[in-house]
């Protein structure tokens with residue numbers, strides 16, 4: 001059975017039907033909290049004092065610094081939308097700076113030089129056990145390395161990402177990875193429902209992303225962890241983002257157009273592409289409100305609702 005853990009600036013909490021119960025722990029990091037499972041289990045017992053969750057000023061339940069690794073183009077619907085063939089897209093990763101992690105209700109701050117600000121709703125895997133390079137990850141044991149799941153939003157500056165053909169800068173500005181509200185601790189049975197998770201994201205009340213993992217995700221967590229174990233150590237508290245489905249602002253356009261543009265020299269390609277994208281109203285602007293949820297249809301696993309607002313840097 002899953003357990004929803006919340007974090008404020010000075011405490012950790014367990015969400016219960018009656019409200020949030022404080023976890024009595026000295027843990028200050030996600031890794032330390034995951035090592036104190038007895039304290040988590042003790043919180044929220046019969047007679048425990050609770051406070052309404054909506055009175056808590058929640059911060060990210062994943063603490064920085066940590067390793068923040070992300071899968072690229074991992075949903076077939078998103079791959080097709082940007083003009084690519086899912087059958088020809090390999091399993092790839094990129095890193096984000098963990099300084100980009102923000103809370104579930106924090107403002108997303110758009111730097112003054114960024115024009116094409118995009119959203120990418122993703123399921124985050126929170127690592128709960130050391131995974132050294134060389135570890136053998138299998139269908140039977142991969143769940144042992146995943147302590148919990150979180151709602152994440154991989155905010156992206158497309159006008160930085162595309163011309164430079166790199167991800168690190170464009171996705172690593174402060175506030176560019178909202179996380180939470182909850183770190184939902186899961187067991188093996190919960191993770192059997194991973195394919196049933198539904199991802200939904202709204203901008204100003206308009207549903208933009210709406211997808212179910214099963215049948216769309218190309219490389220599931222077991223394959224991601226298998227690949228990472230060949231070159232990237234992971235430790236408790238590290239965060240792995242698992243890709244986003246169709247519905248982001250970025251679109252490859254009609255296939256014939258995308259095919260022609262792909263043949264152009266890079267400088268000319270971006271000279272034509274970026275002004276076209278600038279006319280796209282789906283990119284984020286000052287004051288836009290983003291809401292995002294990830295849950296199974298029956299609510300058995302519910303990662304909560306994230307609500308953030310875009311603000312231009314002052």
Two pseudo-spin positions, 7 Å from Cα along C-beta at residue 144 and at residue 278, lie apart in nanometres by 5.5 nm
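Ranked highest first by the average count of other Cβ atoms within 10 Å around their residues, in what order do 86-98, 221-233, 59-71, 144-156 fall?
Details: 86-98: 15.2, 221-233: 17.8, 59-71: 21.4, 144-156: 24.9.
Peptide ranking by packing, descending: 144-156, 59-71, 221-233, 86-98.
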Across 20 Å bins beginning at 0, the whole-percent shares of Cα-Cα pair distances in the chain come to 33, 57, 9, 0
With the 8 Å Cα cutoff and a minimum separation of six or more residues, segment 1-57 has a relative contact order in percent of 34 percent
A correct fewest-to-most ranking of 235, 159 by other Cβ atoms within 10 Å would be 235, 159
Of segment 271-314, those with amide N under 19 Å from the point 7 Å along the Cα→Cβ vector of residue 112 are 285-287, 311-314
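Remind me, relative contact order of segment 63-312 in percent, using alpha carbon pairs under 8 angstrom and six or more residues apart?
Numbers: 572 pairs, mean separation 79.5, N = 250.
32 percent.
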With R₀ set to 45 angstrom, the calculated FRET efficiency between the beta-carbons of residue 136 and residue 11, to the nearest 0.05, is 0.75
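Evaluate E = 1/(1 + (r/R0)^6) for residue 82 and residue 285, where r is the Cβ-Cβ distance and R0 equals 25 Å; express this FRET efficiency to the nearest 0.05.
On the way: r = 22 Å, r/R0 = 0.86.
Here the calculated transfer efficiency is 0.70.
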Expressed as a whole-number percentage, the relative contact order of segment 1-150 with C-alpha contacts under 8 angstrom and at least six residues apart is 18 percent
What the 10 Å binned alpha carbon P(r) of segment 1-57 shows, as percent of pairs per bin from 0, is 25, 58, 16
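Divide by every residue of the chain the summed helix terms, -39500 (n - 2.57) for each DSSP H run of at least 4, and state the resulting mean residue ellipticity at 222 nm, rounded to the nearest 500 deg cm²/dmol.
On the way: 8 runs with 57 residues, N = 314.
Theoretical 222 nm ellipticity from helices: -4500 deg cm²/dmol.
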Placing each pseudo-label 7 Å from Cα in the direction of the beta carbon, residue 57 and residue 311 end up separated by a distance in nanometres of 1.3 nm
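Please sort 37-46, 111-120, 198-207 by packing, taking for each peptide the average over its residues of neighbouring beta carbons within 10 angstrom, highest first. Intermediate results must be reported in sequence, preceding the final value.
Working: 37-46: 14.3, 111-120: 18.8, 198-207: 16.1.
Packing order, densest peptide first, comes out as 111-120, 198-207, 37-46.
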Quick numbers on segment 66-196, Rg and Dmax over C-alpha atoms in Å, give 15.9, 48
The distance between the Cα centres of segment 148-188 and segment 71-92, in whole Å, is 18 Å
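The numbers here are math on the coordinates, done by the rules we state, and not lab data. What you see is a predicted model; the values in this text were computed from it and never measured. A quick note on method: Cβ atoms are made from the backbone with ideal geometry, for glycine too, and the neighbour counts reach across all protein chains shown.
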